[in-house]
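Working notes, beginning with the structure itself.
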Amino acid sequence: MKKAFVLALSLACAGFAAQAQTAAVKPANAQVKPAGPQIQFEEMKYDFGTAKQGEVVTHVFKFKNTGTQPLVISNIQVSCGCTTPEWTKDPVMPGKTGTITANFNTAGKVGMQNKVLTVESNSAAGNAMVSVVGEVKENAAPTMSMEKTESAAAGEKTKLKVDDGKMKAKKKS
């Protein structure tokens, strides 16, 4: 009788232990939302390729609040005064999206560029960074030169036209 009781008690404990283990194991595909607000960008870097000096490159970074509380962007720091940000000012509710628009003025810039925007928010992960990268090509400045020819000296009129840095001349009699 004593053996039967011990056997029944052992089976009951084993059953409870197995049940507790099964409840503690989560499926591999189960997603757990982070506590608090969480910012997740569709892309962290935008490559604009090439731009001519003096152009303004504009890009909209889209993000989603994947957390459990409203996300608020308080400020965006930029690596250069040539970049101006605009962003969603209202709280972004869990599961909803917002945007950050980066305007990069290429005036006075030449060569490879990497403009970083540091996003300050109440995200549980802290600050996030996105960047605008690419190459700025220098504009060719048009140059003008005039030569005095015998026909021009004889009263022939010459009209000069500068087009894309190339000078074209038309003669009129």
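The values are calculated or read from the model by the stated rules, or taken from the named source; none is laboratory data. Owing to the predicted nature of the structure, the values given are computational and were not obtained by experimental measurement. Cβ sites come from the backbone with ideal geometry, for glycine too, and all protein chains shown count toward neighbours. Each accessible area value is taken on the protein alone, full model and side chains, heavy atoms only, with ligands, DNA and RNA left out. Shrake-Rupley method; radii C 1.70, N 1.55, O 1.52, S 1.80 Å.
For the pair Val56 and Ala35, label points projected 7 Å from Cα toward Cβ lie 4.4 nm apart. Each Lys or Arg adds one and each Asp or Glu takes one away; over the other residues whose Cβ falls under 9 Å from the Cβ of Phe61, this sums to -1. When nucleic acids and ligands are ignored and a 1.4 Å probe is applied, Val72 ends up with an accessible area of around 50 Å². Heavy-atom accessible surface of the stretch 34-88, averaged per residue, reaches 54 Å², computed with a 1.4 Å probe.
Here each label is just a point 7 Å from Cα along the line to Cβ, and for Ala125 and Val78 those points are 2.4 nm apart. For Thr97, the solvent-accessible surface with a 1.4 Å probe is about 100 Å², rounded to the nearest 10.
In the structure shown, the pairs Lys62/Lys115; Lys64/Lys109; Lys52/Lys89; Lys45/Lys109 are assessed against 27 Å; a Cα-Cα span above that value is assigned to Lys64/Lys109; Lys52/Lys89. The residues neighbouring Met129, those whose beta-carbon lies less than 13 Å from its own, together hold a net charge of 0 under the Lys/Arg +1, Asp/Glu -1 convention.
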